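Comments concern the structure below.
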Amino acid sequence: MLRSGRLLFSLFLLSGWACSRPALQHVQLQEYVFSDSTYTTQDPKIEGRIAPYRDSLNRSMARVLAESAQPLEKKQPEGKLGDFVADACMQEAAALTRETIDLALFNHGGLRRSLPMGAITLGDVYELMPFDNELVVITLRGSKLLELLNHVASTGGAPVSGLRMLISSNLADSVRIGGEPLDTSRTYRVLTSDYLANGGDRYTAFADALRKEELRLRVRDAIVQRLEKLGQQRQTLVVTLDGRIQHAE
(Lines give C-alpha, C1' and ligand atoms only; values in the text may rest on other atoms or scores of the structure.)
Protein backbone atom coordinates (compact mmCIF):
# COMPACT_ATOMS: atom_id res chain seq x y z
CA MET A 1 0.00 0.00 0.00
CA LEU A 2 1.43 3.46 -0.95
CA ARG A 3 0.68 6.43 1.32
CA SER A 4 2.17 9.93 0.92
CA GLY A 5 5.39 8.78 -0.72
CA ARG A 6 6.04 6.02 1.75
CA LEU A 7 5.66 2.34 1.47
CA LEU A 8 3.67 0.82 4.25
CA PHE A 9 4.19 -2.75 5.15
CA SER A 10 2.49 -4.89 7.70
CA LEU A 11 4.54 -7.64 9.22
CA PHE A 12 2.93 -10.43 11.05
CA LEU A 13 5.22 -11.82 13.66
CA LEU A 14 4.57 -15.25 14.96
CA SER A 15 6.41 -15.79 18.15
CA GLY A 16 7.10 -19.41 18.81
CA TRP A 17 8.99 -19.65 22.06
CA ALA A 18 7.33 -22.93 22.73
CA CYS A 19 8.39 -24.51 19.41
CA SER A 20 8.49 -27.93 20.89
CA ARG A 21 4.75 -27.82 21.46
CA PRO A 22 2.49 -28.73 18.58
CA ALA A 23 0.06 -25.80 19.09
CA LEU A 24 0.77 -22.09 18.40
CA GLN A 25 1.27 -20.32 21.72
CA HIS A 26 1.46 -16.61 20.87
CA VAL A 27 0.62 -14.26 17.96
CA GLN A 28 1.87 -10.67 17.76
CA LEU A 29 0.77 -8.16 15.09
CA GLN A 30 2.86 -5.05 14.50
CA GLU A 31 3.06 -2.47 11.66
CA TYR A 32 6.36 -1.06 10.40
CA VAL A 33 6.72 1.94 8.06
CA PHE A 34 9.69 2.05 5.65
CA SER A 35 10.79 5.14 3.71
CA ASP A 36 11.43 4.56 -0.01
CA SER A 37 14.40 6.56 -1.36
CA THR A 38 12.54 6.81 -4.70
CA TYR A 39 10.41 9.52 -3.13
CA THR A 40 13.18 11.20 -1.13
CA THR A 41 14.34 14.67 -2.15
CA GLN A 42 18.09 14.85 -2.79
CA ASP A 43 19.95 16.85 -0.17
CA PRO A 44 22.18 19.40 -2.02
CA LYS A 45 24.66 19.55 0.87
CA ILE A 46 25.21 15.78 0.87
CA GLU A 47 25.30 15.72 -2.94
CA GLY A 48 27.98 18.43 -2.87
CA ARG A 49 30.13 16.35 -0.54
CA ILE A 50 29.73 13.13 -2.53
CA ALA A 51 30.16 14.58 -6.04
CA PRO A 52 33.97 15.09 -5.98
CA TYR A 53 34.59 11.49 -4.87
CA ARG A 54 32.07 10.09 -7.36
CA ASP A 55 33.52 12.13 -10.23
CA SER A 56 37.08 11.09 -9.33
CA LEU A 57 36.05 7.43 -9.21
CA ASN A 58 34.25 7.70 -12.55
CA ARG A 59 37.35 9.21 -14.16
CA SER A 60 39.50 6.37 -12.78
CA MET A 61 37.10 3.70 -14.00
CA ALA A 62 36.97 5.29 -17.48
CA ARG A 63 40.73 4.98 -17.98
CA VAL A 64 41.44 2.97 -21.14
CA LEU A 65 43.90 0.12 -20.55
CA ALA A 66 44.08 -1.43 -24.03
CA GLU A 67 42.19 -2.01 -27.27
CA SER A 68 40.66 -5.35 -28.21
CA ALA A 69 40.21 -6.58 -31.78
CA GLN A 70 37.07 -8.49 -30.85
CA PRO A 71 34.56 -8.90 -28.02
CA LEU A 72 35.68 -11.45 -25.45
CA GLU A 73 32.88 -13.66 -24.16
CA LYS A 74 32.91 -16.54 -21.74
CA LYS A 75 31.91 -19.90 -23.12
CA GLN A 76 32.33 -23.57 -22.34
CA PRO A 77 34.24 -25.76 -22.77
CA GLU A 78 36.53 -22.95 -24.01
CA GLY A 79 35.98 -19.23 -24.57
CA LYS A 80 38.12 -16.28 -25.58
CA LEU A 81 37.48 -14.49 -22.29
CA GLY A 82 38.54 -17.49 -20.22
CA ASP A 83 41.63 -18.05 -22.37
CA PHE A 84 42.68 -14.42 -21.99
CA VAL A 85 42.15 -14.29 -18.22
CA ALA A 86 43.96 -17.58 -17.55
CA ASP A 87 46.87 -16.68 -19.86
CA ALA A 88 47.15 -13.16 -18.42
CA CYS A 89 47.30 -14.47 -14.84
CA MET A 90 49.83 -17.13 -15.88
CA GLN A 91 52.08 -14.55 -17.54
CA GLU A 92 51.90 -12.04 -14.68
CA ALA A 93 52.44 -14.71 -12.02
CA ALA A 94 55.44 -16.15 -13.88
CA ALA A 95 56.95 -12.67 -14.21
CA LEU A 96 56.42 -12.07 -10.48
CA THR A 97 57.77 -15.36 -9.15
CA ARG A 98 60.36 -16.09 -11.88
CA GLU A 99 59.62 -19.76 -11.22
CA THR A 100 57.98 -22.44 -13.33
CA ILE A 101 54.21 -22.71 -12.97
CA ASP A 102 52.82 -25.75 -14.75
CA LEU A 103 49.27 -24.60 -15.36
CA ALA A 104 46.60 -22.11 -14.38
CA LEU A 105 43.04 -23.06 -13.45
CA PHE A 106 40.08 -20.81 -12.60
CA ASN A 107 36.32 -21.19 -12.39
CA HIS A 108 33.88 -20.36 -15.16
CA GLY A 109 31.48 -18.65 -12.75
CA GLY A 110 34.15 -16.23 -11.54
CA LEU A 111 34.01 -14.29 -14.81
CA ARG A 112 31.11 -11.86 -14.29
CA ARG A 113 30.87 -10.08 -17.65
CA SER A 114 32.28 -10.03 -21.17
CA LEU A 115 34.91 -7.57 -22.36
CA PRO A 116 33.99 -5.32 -25.31
CA MET A 117 35.59 -4.92 -28.69
CA GLY A 118 37.55 -1.67 -28.83
CA ALA A 119 38.56 0.21 -25.70
CA ILE A 120 38.76 -1.83 -22.49
CA THR A 121 38.57 0.38 -19.40
CA LEU A 122 39.53 -0.17 -15.79
CA GLY A 123 35.80 -0.19 -15.02
CA ASP A 124 35.28 -3.06 -17.48
CA VAL A 125 37.84 -5.15 -15.59
CA TYR A 126 36.25 -4.35 -12.22
CA GLU A 127 32.90 -5.54 -13.59
CA LEU A 128 34.53 -8.65 -15.02
CA MET A 129 36.27 -9.46 -11.74
CA PRO A 130 34.58 -7.60 -8.85
CA PHE A 131 36.10 -9.84 -6.19
CA ASP A 132 39.34 -9.24 -4.31
CA ASN A 133 40.53 -12.83 -4.71
CA GLU A 134 44.30 -13.25 -4.82
CA LEU A 135 46.49 -15.55 -6.84
CA VAL A 136 48.08 -18.54 -5.14
CA VAL A 137 50.29 -21.35 -6.38
CA ILE A 138 49.29 -24.80 -5.13
CA THR A 139 51.63 -27.78 -5.33
CA LEU A 140 49.64 -30.96 -5.90
CA ARG A 141 50.26 -34.60 -6.64
CA GLY A 142 49.32 -35.56 -10.17
CA SER A 143 46.61 -37.87 -8.87
CA LYS A 144 44.93 -34.96 -7.06
CA LEU A 145 45.31 -32.76 -10.12
CA LEU A 146 43.44 -35.39 -12.12
CA GLU A 147 40.62 -35.19 -9.55
CA LEU A 148 40.44 -31.44 -10.13
CA LEU A 149 40.37 -31.86 -13.89
CA ASN A 150 37.62 -34.45 -13.61
CA HIS A 151 35.65 -31.84 -11.69
CA VAL A 152 36.35 -29.31 -14.47
CA ALA A 153 35.10 -31.85 -17.01
CA SER A 154 31.95 -32.54 -14.99
CA THR A 155 31.10 -28.82 -14.98
CA GLY A 156 31.59 -28.41 -18.75
CA GLY A 157 34.99 -26.70 -18.79
CA ALA A 158 36.84 -23.82 -17.10
CA PRO A 159 39.40 -21.11 -17.89
CA VAL A 160 42.82 -22.81 -18.05
CA SER A 161 46.33 -22.12 -19.29
CA GLY A 162 49.22 -24.50 -19.92
CA LEU A 163 46.79 -27.40 -20.23
CA ARG A 164 45.00 -29.32 -22.96
CA MET A 165 42.38 -31.99 -22.38
CA LEU A 166 39.27 -33.62 -23.75
CA ILE A 167 35.96 -34.04 -21.95
CA SER A 168 34.72 -37.59 -22.35
CA SER A 169 31.66 -38.84 -20.44
CA ASN A 170 32.09 -35.94 -17.97
CA LEU A 171 35.68 -36.98 -17.20
CA ALA A 172 39.05 -35.51 -18.17
CA ASP A 173 40.73 -37.44 -20.95
CA SER A 174 43.99 -37.15 -22.94
CA VAL A 175 45.32 -34.56 -20.48
CA ARG A 176 48.55 -32.85 -21.48
CA ILE A 177 50.37 -30.27 -19.37
CA GLY A 178 53.11 -28.25 -20.93
CA GLY A 179 52.81 -30.54 -23.94
CA GLU A 180 53.44 -33.70 -21.87
CA PRO A 181 50.90 -36.33 -20.75
CA LEU A 182 49.69 -35.93 -17.18
CA ASP A 183 51.85 -38.02 -14.83
CA THR A 184 49.87 -38.95 -11.71
CA SER A 185 53.10 -39.88 -9.87
CA ARG A 186 54.77 -36.45 -10.04
CA THR A 187 53.84 -33.07 -8.54
CA TYR A 188 52.54 -29.96 -10.34
CA ARG A 189 52.45 -26.26 -9.45
CA VAL A 190 48.96 -24.94 -10.16
CA LEU A 191 48.12 -21.23 -10.30
CA THR A 192 44.60 -20.45 -9.10
CA SER A 193 42.63 -18.08 -6.90
CA ASP A 194 42.54 -18.29 -3.12
CA TYR A 195 38.77 -18.86 -3.45
CA LEU A 196 39.25 -22.14 -5.33
CA ALA A 197 42.29 -23.08 -3.26
CA ASN A 198 40.03 -22.95 -0.20
CA GLY A 199 37.56 -25.36 -1.79
CA GLY A 200 35.22 -22.87 -3.49
CA ASP A 201 33.00 -24.18 -6.31
CA ARG A 202 33.65 -27.71 -5.01
CA TYR A 203 37.33 -27.71 -6.01
CA THR A 204 37.87 -29.84 -2.93
CA ALA A 205 41.01 -31.64 -4.17
CA PHE A 206 42.96 -28.45 -3.40
CA ALA A 207 42.54 -29.41 0.28
CA ASP A 208 45.28 -32.00 -0.26
CA ALA A 209 47.85 -29.43 -1.35
CA LEU A 210 51.46 -30.22 -0.56
CA ARG A 211 52.32 -26.53 -0.53
CA LYS A 212 50.49 -23.21 -0.85
CA GLU A 213 52.26 -20.01 -1.95
CA GLU A 214 50.48 -16.65 -1.69
CA LEU A 215 51.57 -14.25 -4.44
CA ARG A 216 49.93 -11.15 -2.88
CA LEU A 217 48.59 -10.25 -6.31
CA ARG A 218 44.87 -10.00 -6.94
CA VAL A 219 43.41 -11.80 -9.95
CA ARG A 220 41.90 -8.52 -11.09
CA ASP A 221 45.23 -6.68 -10.78
CA ALA A 222 46.99 -9.34 -12.86
CA ILE A 223 44.43 -8.76 -15.64
CA VAL A 224 44.88 -4.99 -15.37
CA GLN A 225 48.67 -5.33 -15.49
CA ARG A 226 48.50 -7.48 -18.62
CA LEU A 227 46.18 -5.04 -20.40
CA GLU A 228 48.29 -2.05 -19.34
CA LYS A 229 51.38 -3.66 -20.87
CA LEU A 230 49.54 -4.24 -24.15
CA GLY A 231 48.38 -0.64 -24.13
CA GLN A 232 51.83 0.74 -23.37
CA GLN A 233 53.27 -1.34 -26.21
CA ARG A 234 50.44 -0.16 -28.50
CA GLN A 235 49.44 -3.74 -29.15
CA THR A 236 45.85 -4.71 -29.83
CA LEU A 237 44.49 -7.61 -27.83
CA VAL A 238 43.80 -10.58 -30.08
CA VAL A 239 42.65 -13.92 -28.66
CA THR A 240 42.38 -17.04 -30.82
CA LEU A 241 40.74 -20.21 -29.54
CA ASP A 242 43.25 -23.07 -29.59
CA GLY A 243 41.13 -26.04 -28.50
CA ARG A 244 42.73 -26.34 -25.05
CA ILE A 245 39.52 -27.94 -23.75
CA GLN A 246 37.24 -29.78 -26.17
CA HIS A 247 34.52 -32.37 -26.02
CA ALA A 248 35.62 -35.75 -27.35
CA GLU A 249 33.99 -36.80 -30.62
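Computed quantities for the displayed model
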read-out	value
Å³ per residue enclosed by the Cα convex hull of segment 191-249	140 Å³
Global form of segment 69-159, assessed from the alpha-carbon gyration tensor, a/c cut-off 1.5	oblate
Accessible-area composition of the chain, carbon plus sulfur, in percent [1.4 Å probe]	49 percent
Selected from THR155, VAL137, VAL238, residue furthest toward positive end of dipole (segment 122-249; charges at beta carbon)	VAL137
Gyration tensor (alpha-carbon) shape descriptor, segment 21-100, a/c threshold 1.5	oblate
Options GLY178, ALA104, VAL27, ranked by Cα towards positive dipole end of the chain, top entry (Cβ charges)	VAL27
R0 of 22 Å, Cβ-Cβ distance ASP132-ALA69: FRET efficiency to nearest 0.05	0.15
Peptide ranges 40-49, 143-152, 53-62 listed from the most packed, as the mean C-beta count within 10 angstrom indicates	143-152, 53-62, 40-49
Cα gyration tensor of the chain - equivalent ellipsoid semi-axes, whole Å, descending	43, 30, 17
Cα centre as origin, Lys/Arg/Asp/Glu Cβ charges: segment 26-147 dipole, Debye	100 debye
Label point 7 Å beyond Cα of THR236 along Cβ direction - residues of segment 101-128 with amide nitrogen under 14 Å	117-120
Lysines whose Cα lies under 24 Å from that of LYS80, excluding same-chain neighbours fewer than 8 positions away	LYS229
Gain in span if fully extended, TYR53 to GLU214, counting 0.36 nm per residue against the direct Cα distance	54.7 nm
Dipole magnitude (debye, nearest 20) for the chain, charges at Cβ of Lys, Arg, Asp, Glu	420 debye
Three-way shape label, segment 147-234, alpha-carbon gyration tensor, a/c 1.5	prolate
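The values are calculated or read from the model by the stated rules, or taken from the named source; none is laboratory data. Computed from a predicted model, the values in this text were never measured in an experiment. Positions of Cβ are backbone-derived with ideal geometry, glycine not excepted, and every protein chain shown enters the neighbour counts. The protein model used for the area step is the full one, side chains on, heavy atoms only, and it has no ligands, DNA or RNA in it. Shrake-Rupley method; radii C 1.70, N 1.55, O 1.52, S 1.80 Å.
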